[in-house]
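Worksheet for the structure shown next.
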């Protein structure tokens, strides 16, 4: 009898232990599911609203942002306050709370929350935007410039930062303040910044910043810039592009942008250098012959193809160009067109061709031109190209 009771008790104990084990597993699974739903809710607004209240943390970020977008400021403030209570350390929670407070007219409390958030997070969009704008409004371009430069170095490339960068540099004292933030041998503020600056900032600003970066020996990817140079010139930003190129990439013995001599293929082309497009069935090679640089080409394509092209900045008026006799005999065609920003290039009428001389008139509204040599099936050489005459 006593033995049966012991066995019953042992069986009951094992049953309770197994039940407790499964209950623990169920609780762990429930918690894990809740945590995973909360994490996913941060990126899925419709799911964030369905996360059970005990598990809400990351999902509160999504529902708070959604309330702000709907202009439901009271709910946004309440949700952000709950988020701060559960996540008091991250800057994002504080910035959302500050945004809610400020939206509801609670400026003192909002400013205090914003100041705390500003000291904790560099990547929070709202905080940094408000701090930079506040600094500019208070006439403190040094603070704005420091924040802008730091965000570029951290890898931020959003449009809001680029807009604030332009605003900072255009503000009184902003350019000088930004210059003071530039450091020697900077690896993170150089190529991408100037690639953005060329089409977006005034020529004087681009030139000045490029000079300072060169003096600081900042890292700069000239191959990257060379690949983009064509687009800069065709978009009407040739002056800014050549300012950067001559400062950071061009060799000491710089050539004039209108020097028409061919450069060898191992020379990285700048904004106003010859480029030799690759086409099926066509080969080009730059050779040194009798003290001259000659472009040799051969093509099996019966259609006219561009074998060499480059941008120039010839002044308005009458021009005469001459290529050597070997170029004339090879049957190549020379074309010149105006480059006018977003508009397609407009062909300029050319006269002559005898003895390798072409004359044409550049209109006054044509600051940049593109020269193209074209050829169809055959082979030939093009040597020295000269500007013989120019008059307005």
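Coordinate-derived values only; no laboratory data. As the structure is a computational prediction, the values presented were derived from the model and not from experiment. Cβ coordinates were reconstructed from backbone atoms using ideal geometry, including for glycine residues, and neighbour counts include every protein chain displayed.
General observations
- Once both labels are positioned 7 Å from their Cα atoms along Cα-to-Cβ, the gap between residue 125 and residue 357 label points is 6.3 nm.
- Taking 361, 339, 286 and counting other C-beta atoms within 10 Å, the order from fewest to most: 361, 286, 339
- Burial ordering of 350, 85, fewest other beta-carbon atoms within 10 Å first: 85, 350
- Normalised alpha carbon radius of gyration of the stretch 114-232 [divisor 2.2 N^0.38 Å]: 1.05
- With both labels modelled 7 Å from their Cα along Cα-to-Cβ, the residue 333 to residue 320 distance reads 2.5 nm.
- Alpha-carbon gyration tensor eigenvalues x 5, square-rooted, for the stretch 282-391, Å: 24, 17, 12
- All-pairs alpha carbon distance profile, the stretch 175-307, 10 Å steps from 0, percent: 11, 36, 29, 16, 6, 1
- Neighbour counting of Cβ atoms within 10 Å sorts the residues 231, 288, fewest neighbours leading, into 288, 231.
- When peptides 175-181, 145-151 are ranked by their average number of other Cβ atoms within 10 Å per residue, the highest-first order is 145-151, 175-181.
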